[in-house]
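*Asks:* So that we are looking at the same thing, I have put the structure below in C-alpha cells.
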Amino acid sequence: MKILAAIAWRNIWRNPARSGVLIAAIVAGLWAGISVSSLSNGLIVQRFNNLIEQDLTHLQIHHPEYLSEREPWMVVRNTDSIFRLLDNDERVRSFSGRVLSDGIIQSPVTSTGVQIIGIDILNEPRTTNFHLNLKDGEYLDSDLPNPILIGERLAQKLQMEIGNRVVLMFQDIDNDLASAAFHISGLFSTSSRVYDERNVFVRAEHLNELISGDAIIHEIAVILYDAAEADSLTAELNRTFDGIMAETWYELSPELRYMSDFGDSVTFYVMVVIMIALAFGILNTMLMAIFERMRELGMMIAIGMSKARVFMLIMLESVILTLTAAAGGMILAWLSVRYMESNGVDLTVFGGDSLLEFGFDPLIYPFILMSDYFAVTLLVIFTAILAAIYPSIKALRLNPGDVIRE
Amino acid sequence: MAILQTKNLSKVYNPDTVPVHALRDVSITIDKGEFTSIVGPSGSGKTTLLNMLGGLDKPTSGSVWVNGEEITSMKESKLIDFRLHNIGFVFQHYNLIPVFTAHENVSFIMLLQNRSKKEIRERADDLLEQVGLGDRKNARPVQMSGGQQQRVAVARALASEPKFILADEPTANLDSTSAMNLLDIMNKMNREQNVTFVFSTHDQRVIDRARRVITMVDGAIHKDEYRDVEETAEN
C-alpha cells in the first residue's frame, strides 16, 4: 500500500499543470460551497433563535381554541397549578404569562391593526430577550401612565414619538368595545419589519383592567434549558391539565421546523451539487492520466503487478489528488468562515435590507459545524472513488501484450 | 533441462472475420542457460511467440510449459503472480516507471514480491553495479540515455530472480555502442550466472551473439540452429 501511495503521489505531479487546475477547481468549489453553507446556516439559525428567544419560546399553553378563534374570553384556566408545575420542573428555565388582544392603534394621523401583548414585566425578560430590541426610550417600567412599546416603523407610520399618546381599541371579555390611551415609552426594532408593525407591548395588568378587570392569561410562554425536552413537557402538561392546549414551537410554527430541517441539511445539498460538478473534472483528469500511461500500466501488469493493485493505484491517485485539494479548500473555507463568524456579513450592501421584510437579519454571522467538515471530507472521498471507478476499470481491461507493443 | 516448452502452439487473430495465422503449430524446447534469438521478418510471429512464452497472450491452441508447469490454462490472476516470480521481461521501449529512479525501478518488482527492505536495497544496488549503473542509481529515466535505461530494464528483469528473461527487440532503439554494451552485459550474466535469455530480434548484432537462432517465417519455425559463438573482446 505504501509503495502504491508513493507511486500515486508522484503520478499526480507528473503533469503539474493538469493536476494544479483540478486542485484549484476543487479548492474553489469547496471554499464556495462551505462559505455559502455557513452563510445559510447563520441566516437560518439566527432566524430560528430570533423567533424562539424573542417571542415564540419552546412551548406555549393556550385555551384549546384560542389560536383558531382568538376570542378574549378563551383564557388559560388553572394558571396557579400550571405555574406551580412549571416552577418545580427542572427542565424549565423560565416562563411568563401573556394577555393578548387583537385591536387597533390610533394616532392623530392614522390607525392600523395590531396585536396587543400584555406582558409580565418581571418574567418576560427572563423568558425572552425581546427587551434587547429596545432601540430608544424606556421599557415598560417607565413612569409614564399606561406605557406602551411600539416598533420604530410603526411609530414612523403613525408619525408618533416617545412620550406621545396613542389610543388602543379592542374587545373586552364580554365582547364590548374598549379603548384607552397609552403613552409611548420606548421604540423597538427586531429583524422582522412585519413583526415590528403588527405588535405592540403593554403591561399585562393594564390590559387586564381594560379587558376583564381580573388577572387573566391567554398565553403562557415557556423556555427550556434544552429544546429537545419540549415534546415530553408538552405531553405531560396536556395529560395533567384539562381545558388547555400545550404545543411545542414546531407545532406552533411548522414553517420554522421546515426551515430548521432545511438548515440541518443545506451543507449536504450544496456540497452534493458541487461534488457532482467536480466528479466530472476528476473523471476527465483520471481518464487522461490512464490513456497517457497505457503502456506503463501494461508493463506493470506484465511484470507481475496484480490487477487489484493496479485498480488500487488508480483509486489512490484519485483519492489522494482530491483529498489534497480538499484539504486546501477546507483550510481556506475554515479561515473565511472564522473571519465572517467574528465580523459578520452585512448583506445590506447587496440589497439585503429586503431580508427584513421576511424576518431575516441582514447582518449574518455564518458558522459551520465541525461535523459538517467531516461530512464534506467523506463526500469528497466518495466522489473521488466514484469518479475513479470508470478509469480504473479501463486500466483493468488492459491487455499487457497489446499495449506494450503499441 | 527444459525450462521452457511449447507444444503445437497456434494463434489465429480475428478467427471469425479475416483470420490471421500469427503462429502455426510451433513446438520448441528451451533449456536452462540458453542464449537464444528468435529471428524473422516483420509479421513472422516472433513477438507473438514471445508474448505466448511470457503468458501475456493466450494461444488459440497448443500449450506453453514453464519449468514443468502449464501456463496456458492458468487463470489470469494466477498467471500474473506466476510471471512475477518466474519470468523477467525486457521491452523494446524500456518501459521504466518514469516517476521512479533507477534504483526504485529495480526495487519495484521485489516490493511486489514482498521481500525485505534490506534485501531489496542490497540486491538493487548489486544489480545496478552489475549493469554498470552504480553511480546512476538516483537518476530518473528522463535523465538517462536509451542505453542506460535499457540496462536498468535488464537489472529490473533480473531482480525478481526469474527462471528466464524474455527480451523483445532489446536493442532496436539503441545506437551501436549502447547495443554492444547491453549485449556484453547480458552475455556475461548468461555465462557467469547461467541466466537464460530468449530474444526476439532482427538486429544482426544480437543474432551474431546468440548460441541458438530460431528463424520464423509466416508464423512457423523455418529453421532452428545451434552455433558456436566467439566471445567478445571484453570477455
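Throughout, read-outs are computed from the coordinates displayed, never taken from laboratory work. Please read all numbers here as calculations on a predicted model, not as lab measurements. Every residue, glycine as well, gets a Cβ built from its backbone with ideal geometry; the counts of neighbours run over all protein chains shown.
*Asks:* Report the paramagnetic label zone for A:A308: residues of segment A:369-406 whose backbone N is under 16 Å from a point 7 Å from Cα along the Cα-to-Cβ axis.
*Replies:* Answer for segment A:369-406: A:396.
*Asks:* Expressed as cubic angstrom per residue, what is the convex hull volume of the alpha carbon set of the protein assembly as shown? Walk me through the intermediate numbers first.
*Replies:* Working: hull volume 148.7 nm³, N = 641.
It is 232 Å³ per residue.
*Asks:* Follow-up. Using only the Cα atoms of segment B:1-69, each taken as one equal point scatterer with no solvent, compute I(q) by the Debye sum, divide by I(0), and report log10 of the ratio at q = 0.14, 0.20, 0.21, 0.24 Å⁻¹.
*Replies:* For segment B:1-69 at q = 0.14, 0.20, 0.21, 0.24 Å⁻¹, log10 I(q)/I(0) is -0.42, -0.81, -0.89, -1.11.
*Asks:* Let me ask you something else. Go through segment A:286-297 residue by residue and turn each phi into a ³J(HN,Hα) via Karplus (6.51, -1.76, 1.60, θ = phi - 60°); whole Hz please, and just put x for glycine and proline.
*Replies:* Along segment A:286-297, the couplings run 5, 4, 4, 4, 6, 4, 5, 10, 3, 5, 5, 5 Hz.
*Asks:* Still on this model: Within segment A:375-404, list the residues whose amide N lies under 11 Å from a label point set 7 Å along Cα→Cβ of A:A28.
*Replies:* none
*Asks:* If one computes the Cα centroid of segment A:207-285 and of segment B:8-53, what distance in Å separates the two points?
*Replies:* If we compute the Cα centre of each part, the gap is 77 Å.
*Asks:* Separate question: Determine, for A:I12, A:I274, the number of other Cβ atoms within 10 Å of each Cβ, and report the residues in order from fewest to most.
*Replies:* Going from sparsest to densest Cβ surroundings: A:I12, A:I274.
*Asks:* Give me A:Y195, B:Y13, A:Y258 sorted ascending by neighbouring Cβ count inside 10 Å, so fewest comes first.
*Replies:* A:Y258, B:Y13, A:Y195
*Asks:* I would also like to ask the following. Starting from a Cα-only point model with no solvent, please compute log10 I(q)/I(0) by Debye for segment A:1-122 at q = 0.16 1/Å.
*Replies:* So the normalised log intensities work out to -1.03.
*Asks:* With no solvent and one point per C-alpha, what does the Debye sum give as log10 I(q)/I(0) for segment A:64-243 at q = 0.15, 0.19 Å⁻¹?
*Replies:* -0.89, -1.30
*Asks:* Next up: Using DSSP, restrict attention to beta bridges with both residues in segment B:2-226 and report what percent are antiparallel, rounded to the nearest 5.
*Replies:* 55
*Asks:* Please list the three semi-axes, largest first and in whole Å, of the ellipsoid equivalent to segment A:223-334, using sqrt of 5 times the eigenvalues of its alpha carbon gyration tensor. Working shown, then result.
*Replies:* Numbers: eigenvalues 634, 50, 28 Å².
Equivalent ellipsoid semi-axes, largest first: 56, 16, 12 Å.
*Asks:* Let me ask another. Pull up the DSSP beta bridges for segment A:64-243 and report the antiparallel fraction as a percent, rounded to 5.
*Replies:* Percent antiparallel among DSSP bridges in segment A:64-243 is about 75.
*Asks:* Return an integer: the convex hull volume of the alpha-carbon atoms of segment B:173-230, in Å³ per residue. Mind showing how you got there, number by number?
*Replies:* Details: hull volume 5.5 nm³, N = 58.
Cα-based convex hull of segment B:173-230, divided per residue, equals 95 Å³.
*Asks:* Computed FRET efficiency, Cβ-Cβ of A:W9 and B:A139, R0 25 Å: what is it to the nearest 0.05?
*Replies:* The value I calculate is 0.80.
*Asks:* Considering only C-alpha atoms, what is the centroid distance from segment B:153-222 to segment A:310-343, in Å?
*Replies:* Using only Cα atoms to place each centre, the spacing works out to 49 Å.
*Asks:* Next question, about the same structure. Tell me, in nm to one decimal, what length is gained between B:K32 and B:E122 on full extension, where the rule is 0.36 nm per residue of separation less the Cα-Cα distance?
*Replies:* Full-extension gain reported as 29.8 nm.
*Asks:* Would you mind checking which residues have amide H under 5 Å from B:S200's amide H? H placed 1.01 Å from N; only 5 or more apart, or other chain.
*Replies:* B:I38, B:A167, B:D168, B:E169
*Asks:* Report, as a whole number in µm² per second, the diffusion coefficient that Stokes-Einstein gives for segment A:63-127 at 25 °C and 0.890 mPa s using the Kirkwood radius over alpha carbon pairs.
*Replies:* 174
*Asks:* What order do you get for B:T196, B:T48 when you list them from fewest to most C-beta neighbours inside 10 Å?
*Replies:* Sorted ascending by nearby Cβ count, the order is B:T196, B:T48.
*Asks:* Still on this structure, I have one more. Tell me which residues come under 5 Å, amide H to amide H, from B:L4 once H is placed; ignore anything under 5 positions away on its chain.
*Replies:* Distant-sequence amide H within range of B:L4: B:I30, B:N67.
*Asks:* For segment B:162-173, in order, what is each residue's ³J(HN,Hα) by Karplus, 6.51 cos²θ - 1.76 cosθ + 1.60 with θ = phi - 60°, in whole Hz (x at glycine and Pro)?
*Replies:* Values, residue by residue: x, 6, 7, 10, 9, 10, 9, 6, x, 9, 4, 9 Hz.
*Asks:* Then there is this: Helix-only estimate, please: 222 nm mean residue ellipticity of chain A, summing -39500 (n - 2.57) across DSSP H runs of length 4 or more and dividing by its residues, to the nearest 500.
*Replies:* Working: 15 runs with 220 residues, N = 406.
Mean residue ellipticity, 222 nm, calculated: -17500 deg cm²/dmol.
*Asks:* What are the extents of the Cα atoms of segment B:73-132 along their three principal axes, listed from largest to smallest and rounded to whole Å?
*Replies:* 39, 29, 22
*Asks:* Tell me the label-point distance for the pair A:L85, A:F262, using the 7 Å Cα-to-Cβ offset, in nm and rounded to one decimal.
*Replies:* Rounded to a tenth, the inter-label distance reads 3.5 nm.
*Asks:* So what's the convex hull volume per residue for the Cα atoms of segment A:102-192, in Å³?
*Replies:* In segment A:102-192, the Cα convex hull volume per residue is 105 Å³.
*Asks:* Applying the Karplus parametrisation 6.51 cos²θ - 1.76 cosθ + 1.60 with θ = phi - 60° to the phi angles of segment A:183-191, what ³J(HN,Hα) value in whole Hz is obtained for each residue in order, glycine and proline being reported as x?
*Replies:* Listing the rounded values in order: 10, 5, 9, x, 10, 10, 8, 9, 7 Hz.
*Asks:* By how many degrees, 0 to 90 and rounded to 10, does the Cα axis of helix B:102-112 deviate from the longest principal axis of chain B?
*Replies:* It works out to around 60 degrees.
*Asks:* Plugging the Kirkwood radius over Cα pairs into Stokes-Einstein for segment B:2-226, at a temperature of 25 °C and a viscosity of 0.890 mPa s, what D comes out in µm²/s?
*Replies:* Values: Rh = 17.8 Å.
The Stokes-Einstein estimate is 138 µm²/s.
*Asks:* Also: Of all DSSP beta bridges located in the protein assembly as shown, what percent are antiparallel, nearest 5?
*Replies:* Values: 60 of 87 bridges.
Close to 70 percent.
*Asks:* Using the beta-carbon distance between A:E138 and A:T377 and R0 = 45 Å, what value does 1/(1 + (r/R0)^6) give for FRET efficiency, to the nearest 0.05?
*Replies:* According to the calculation, E is roughly 0.30.
*Asks:* Can you compute the helix-only [θ] at 222 nm over chain B? Use -39500 (n - 2.57) per DSSP H run of at least 4 residues, normalise by all residues, nearest 500 deg cm²/dmol.
*Replies:* Theoretical 222 nm ellipticity from helices: -11000 deg cm²/dmol.
*Asks:* What is the list of residues in segment A:377-406 whose amide nitrogen lies under 15 Å from a point 7 angstrom out from the Cα of A:E296, following Cα to Cβ?
*Replies:* A:395, A:404
*Asks:* Moving on to the next point. Could you work out the local net charge near A:A246, counting Lys and Arg as +1, Asp and Glu as -1, over the other residues with Cβ closer than 10 Å to its Cβ?
*Replies:* Charge balance near A:A246 sits at -2.
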